[in-house]
């Protein structure tokens, strides 16, 4: 406590627990919504601390531990009169002073971070760390990328990454690319993901580069996740640079986890914009990519890179069973899960006949009218949880989706994967790398016309595949742990 010549005082405390008390961080629920706080009072006498006495009395110097007594009935007044005959100070206080200072309000809001405090405590963080992080809105890892994409695979890979960071005992913050909105607005969780991100793990929008630099004061490390976050043909230059952490201080650790360029070379934009991206990537502390071509591309610019699994494949089946348990969807027995952008490919009907089961068609374009695109009705699957459940319950998976195929491998489903008109310039290597990693090259086809009966009926040796999967998971998670904790 500091006292100044004019009589004023400045009290400061570094005690985190006291800060939590004074900021209503640990206020009990019943205190935040106290049904007895308002007038008339319930007891004969109410006791409490008296603060801000300097605003009431200029001629009396009251001690710091002065108390306040409210007399709510004649019985209370009688008791008080008998008790204070020898009191050093006993002065009247106007009721409006107590009312204006919110002492008699029924609702006294709790701190916005209170839920986060108890979330951290439930995860076995220390009390002091939980208080410090909650009061200061601090985080261990800031995650950016396609976490709000209207795409089942994109949503799932970031939800998986979020869960992985939590499971490593770290506190994540989901960060969106810069966007011109009203100050203070916060991005919503993806509409197609039933499991919403807690509000305390989602950063507000940032309107400018200068605004976004404030994250350096609250976030220890920054991670950009998987999918085509550095594909200029899909994104604006500003989004690309946000996903390359242009706003992050060079002293901070910057990491990519299974990120992708979507091509075997830098695509889109001007030469100057591509050079800008390379310079930003050269600032990264550690880079991992999803495709083998991504490693070569980084190396060509003098950047070390490691290929690791997409986060979707780093979560065990338990993670997906928990998601499935929240899905109310019901599907028929013995069906093909069919998910592709080409709903007019009638050759798929022949595949269903060969396999000998029904088919559930799901369109990858969520807002497209598919009523006249196929003889087989298309299902509006709704949420990512329903999508996962449909794959998990299927007898066979047919798709042109990286993540649908990744889940098929996790769930030990027979599958075929179409690449259509893709080439190495347009993202084919994400399929090639996935198939080569698990020795499943014979499951990759241009389209349904290339598929023979023996291709469909040939069993997949999933004992061998999952032996490789476990080794790849250990290697990938080992890399993630090392770069986050070293």
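Sticking with the crude label model, points 7 Å out along Cα→Cβ, report the distance from residue 166 to residue 213 in nm, one decimal please.
Going from the residue 166 label point to the residue 213 one covers 3.4 nm.
Suppose a student asked you for the relative contact order of the chain, using Cα pairs under 8 Å spaced at least 6 residues apart; what percent would you report? Numbers along the way, then the final one.
Working: 729 pairs, mean separation 51.1, N = 486.
With pairs under 8 Å counted, the relative contact order is 11 percent.
Need one word for segment 28-100: rounded, prolate or oblate. Basis is the Cα gyration tensor (sqrt eigenvalues a ≥ b ≥ c); a/c below 1.5 gives rounded, then a/b vs b/c decides.
Oblate, because a/c is 1.5 or more while a/b does not exceed b/c.
From the square roots a ≥ b ≥ c of the eigenvalues of the alpha-carbon gyration tensor of segment 114-313, which class results: rounded (a/c under 1.5), prolate (a/b over b/c), or oblate?
Numbers: a/c = 1.66, a/b = 1.56, b/c = 1.07.
Since a/c reaches 1.5 and a/b is larger than b/c, the shape of segment 114-313 is classed as prolate.
Can you put 222, 415, 209 in order, fewest other beta carbons within 10 Å first?
Starting with the residue having the fewest Cβ neighbours, the order is 209, 415, 222.
Please say if the chain is rounded, prolate or oblate, where rounded means a/c under 1.5 for a ≥ b ≥ c the square roots of the C-alpha gyration tensor eigenvalues, and otherwise the choice is prolate for a/b larger than b/c and oblate otherwise?
prolate
Length gain on complete extension for the stretch residue 195 to residue 265, per 0.36 nm per residue less the alpha carbon to alpha carbon distance?
21.6 nm
How many angstrom lie between the Cα centre of segment 418-480 and the Cα centre of segment 109-142?
Distance between centres, Cα-based: 42 Å.
Run lengths n ≥ 4 of DSSP H only: what is the helix-derived mean residue ellipticity at 222 nm for the chain, with -39500 (n - 2.57) per run over all residues, to the nearest 500?
Helix-only estimate at 222 nm: -10000 deg cm²/dmol.
Could you grab the relative contact order for segment 28-100? Cα pairs under 8 Å, six or more apart, rounded to a whole percent.
RCO, segment 28-100: 30 percent.
I'd like to compare 327-338, 234-245: which one has the highest average count of other Cβ atoms within 10 Å, and what's the full order after that?
With the highest mean Cβ count within 10 Å placed first, the list reads 234-245, 327-338.
Taking 0.36 nm per residue of separation and subtracting the Cα-Cα distance, what length does fully extending residue 182 through residue 422 add?
82.4 nm
With a point put 7 Å past each Cα toward its Cβ, work out how far residue 23 is from residue 441 in nm, to one decimal.
5.8 nm
So if R0 is 41 Å, what FRET efficiency would residue 465 and residue 122 give, r being the distance between their Cβ atoms, rounded to the nearest 0.05? Show your work: numbers first, answer last.
Values: r = 37 Å, r/R0 = 0.89.
About 0.65, to the nearest 0.05.
For residue 57 and residue 380 in one chain, what is 0.36 nm times their gap in residues minus the Cα-Cα distance, to one decimal in nm?
Gain in length upon complete extension: 109.3 nm.
Provide the percentage of antiparallel DSSP beta bridges, counting only those with both residues in the chain; round to the nearest 5.
Given both bridge residues lie in the chain, the antiparallel proportion sits at roughly 20 percent.
Between residue 482 and residue 79, what is the label-to-label distance in nm when each label sits 7 Å out along the Cα-to-Cβ direction?
According to this spin-label approximation, the distance is 7.0 nm.
Starting from a Cα-only point model with no solvent, please compute log10 I(q)/I(0) by Debye for segment 329-472 at q = 0.11, 0.19, 0.21 1/Å.
Here the Debye-derived log intensity ratios amount to -0.39, -1.23, -1.49.
Mind giving me the FRET efficiency for residue 299 and residue 220? R0 is 30 Å, r the Cβ-Cβ distance, nearest 0.05 is fine.
After rounding to 0.05, the efficiency reads 0.60.
Only the coordinates and a few stated rules stand behind these numbers; no lab work does. Quick caveat, the model's predicted, so the values are computed rather than measured. When we count neighbours, we look across all protein chains shown, and the Cβ atoms used for this are built from the backbone with ideal geometry, even at glycine.
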